[in-house]
1. Kindly check whether there is at least one residue in the stretch 81-99 that is under 19 Å from Thr279 (Cα atoms), touching a strand residue (DSSP E or B) at 6+ places or on another chain (Cβ under 8 Å), part of a loop (DSSP other than H, G, I, E, B) and within 10 Å of the ligand (Cβ to nearest atom).
2. Enumerate the pairs (first residue in the stretch 219-241 and assigned by TED's automatic domain parsing to the domain that holds Gly185 and under 17 Å from Ser188 (Cα atoms); second residue anywhere and in a helix (DSSP H, G or I) and polar (S, T, N, Q)) with beta-carbon separation below 6 Å, excluding pairs fewer than 6 apart on the same chain, so at least 6 apart or on different chains.
3. Out of the stretch 309-359, which residues are of a type in the set (Val, Ile, Thr) and more than 16 Å from the ligand (Cβ to nearest atom)?
4. I want to confirm something. Restricting to the stretch 115-139 and keeping residues that are buried (at least 18 other Cβ atoms within 10 Å of the Cβ), of a type outside the set (A, V, I, L, M) and not in a helix (DSSP H, G or I), which single residue is farthest from the ligand (Cβ to nearest atom)?
5. Please enumerate the residues belonging to the stretch 149-179 that are in a strand (DSSP E or B), closer than 21 Å to Ile427 by Cβ and among the aliphatic types (A, V, I, L, M).
6. Before we move on, is Ala28 surrounded by fewer than 19 Cβ atoms within 10 Å (Cβ to Cβ), touching a residue at least 60 places away in the same chain (Cβ under 8 Å) and either among the β-branched types (Val, Ile, Thr) or not assigned by TED's automatic domain parsing to the domain that holds Leu147 (or both)?
7. With the requirement that a residue be in a loop (DSSP other than H, G, I, E, B) and among the aliphatic types (A, V, I, L, M), what does the stretch 47-80 give you?
Amino acid sequence: METSPRAHVDSPDPASLPHVVVVGGGFAGVSAVRALAHQAVRVTLIDRHNFHTFLPLLYQVATAGLEPADVAYPIRTIFGHAKNVRVRHARVSDVERERNVVVLEDGTEISYDHLVVATGAVAAYFDIPGAKNYSMPLYTLANARRLRNRLLRSLEDAEVAAETVPKELNFVVVGGGPTGVETAGALSELIEIVIRRDGMKLDPVNVRIRLVDVASRLLTAFPDRASSYAREELESMGVDVELGRSVVEVEPHAIRFSDGERLEAGAVVWAGGVTAVGTIADQLEETSGPNGRALVNGDLRLRDSDNVWCVGDAAAIPQRGDPSKFYPQLAPVAIQSGLHCSKQILRLLEGEATEPFHYRDKGIMATIGRHAAVAKIPHVGVIRGTVGWMAWLGLHLWYLVGFRNRLRVFINWTWRYFDWPSGPRLIVADAETAK
Ligand SMILES: Cc1cc2nc3c(=O)[nH]c(=O)nc-3n(C[C@H](O)[C@H](O)[C@H](O)COP(=O)(O)OP(=O)(O)OC[C@H]3O[C@@H](n4cnc5c(N)ncnc54)[C@H](O)[C@@H]3O)c2cc1C
């Protein structure tokens, strides 16, 4: 990660340095703090978790391919060597902009000279009755562990039923974007493996994965042929792809569609999209941007502020050349906007004017099981098949925080490719994940 070659912190009185508070230790927050580490500022990074989560691999944890520790990394370890960075494990409940203060859940107030809001997004349920309570989102590590337990437990229950009155077990994945496609593919492999490797007696014909979306094709951000390829690959793995279907209600163990069908389901996985409504970003301005995202100027400051910045999924960042459109909520946008924002703070502190954000498009990717993937890469086009999968693997390893994590994930993936270790298939339920 690039860092600015500016003055290093060697002040006799660090308390006199400008204080930059960064809320959120995801891709955007970590990138912002990396650019401020060892610079002439005091930095406080606040996150409700004491770890950074690599969200693109959560579906691997949920489908028992990787362990939770493979996709998360302690925030303190990332910044342990930076003398000017403090890490605070706490949830921010409020921002009082007129007083330049953030308020933590326990009432503690922390004042700032510059505030960077990088709080990401949450699952969007579109007010569909029961969706929030009974479906299973995939946005945090706890979500992934809980989903994994539910999937494995449903298979255990179906195994018992298979001895007496076998019945169909449905897993429904709602949302045909990259998360839904990746989860459905990996789930199909998990089922195959527990039946074959772990000797389950239930008939695979009775276990169905249904990937549903209201759109007429999968992966709408990709070209048509990539969507068709993803569909063919998933269907060849036994996934039922049901497009043009709208979910109207989720019940404790069932889902209902607009055409009247009610389907009993072992789990309803919610991959229907994200929103910033209800998050800190949504509270920052009188009128928030699309989906509760904070509207920012080209330099990433709030439209009506000199010292509050918003980056990553939490921000509605106007596209250069067409400010009526906003950059998508993707990891590369988060990483680049976090870095840019910190560079602008340093420029301001040195009396220079800010510069507008310019996103360098890195492309988008989705895997379909262990052998195939689709990638749309600028100036290259669409890559698919095993080559796409290798590109996906390399890129994800590259972006994982921490050398130890990269090595461990690489080893775990290789091992899994040939052997399917049983460790991730343990049902270890605590109060939160047992639900
Ligand atoms: C399942 C899944 C798969 C994805 N796959 C891809 C992919 O393959 N490629 C891609 O480019 N993008 C992918 N994305 C999108 C990508 O992960 C996001 O764009 C990126 O994580 C946004 O980074 P961020 O830092 O803005 O937010 P996040 O990474 O969500 O980080 C936000 C941080 O803020 C913290 N936080 C939130 N509220 C508070 C609070 N009130 N107080 C304290 N801390 C708080 C959270 O704990 C979290 O650590 C995926 C997203 C998901 C959910």
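The values are calculated or read from the model by the stated rules, or taken from the named source; none is laboratory data. None of these values were measured; they are calculated from a predicted model. Here Cβ is always computed from backbone atoms with ideal geometry, including for glycine, and neighbour counts include all displayed protein chains.
1. Looking for residues that are under 19 Å from Thr279 (Cα atoms), touching a strand residue (DSSP E or B) at 6+ places or on another chain (Cβ under 8 Å), part of a loop (DSSP other than H, G, I, E, B) and within 10 Å of the ligand (Cβ to nearest atom), one finds at least one in the stretch 81-99, hence yes.
2. Met237/Ser188; Gly238/Ser188; Val239/Ser188
3. Of all residues in the stretch 309-359, those of a type in the set (Val, Ile, Thr) come to 311, 317, 333, 335, 345, 354.
Correct list: Ile345, Thr354.
4. In this case the residue turns out to be Gly130.
5. Start the filter on the stretch 149-179 by keeping residues that are in a strand (DSSP E or B), which leaves 169-174.
Checking the rest, the ones that are also closer than 21 Å to Ile427 by Cβ come to 169-173.
Within the stretch 149-179, Leu169, Val172, Val173 qualify.
6. Details: surrounded by fewer than 19 Cβ atoms within 10 Å (Cβ to Cβ): no; touching a residue at least 60 places away in the same chain (Cβ under 8 Å): yes; either among the β-branched types (Val, Ile, Thr) or not assigned by TED's automatic domain parsing to the domain that holds Leu147 (or both): yes.
When the stated conditions are applied, Ala28 does not pass them.
7. Ala64, Leu66, Val71
Here's the yes/no breakdown for (1) modelled with pLDDT under 95; (2) closer than 30 Å to Thr275 by Cβ; (3) among the basic types (Lys, Arg):
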{"residue": "Gly312", "(1), (2), (3)": "no, yes, no"}
{"residue": "Pro318", "(1), (2), (3)": "no, yes, no"}
{"residue": "His340", "(1), (2), (3)": "no, yes, no"}
{"residue": "Pro356", "(1), (2), (3)": "no, yes, no"}
{"residue": "Ala373", "(1), (2), (3)": "yes, yes, no"}
{"residue": "Gly381", "(1), (2), (3)": "yes, no, no"}
{"residue": "Thr386", "(1), (2), (3)": "yes, no, no"}
{"residue": "Met390", "(1), (2), (3)": "yes, no, no"}
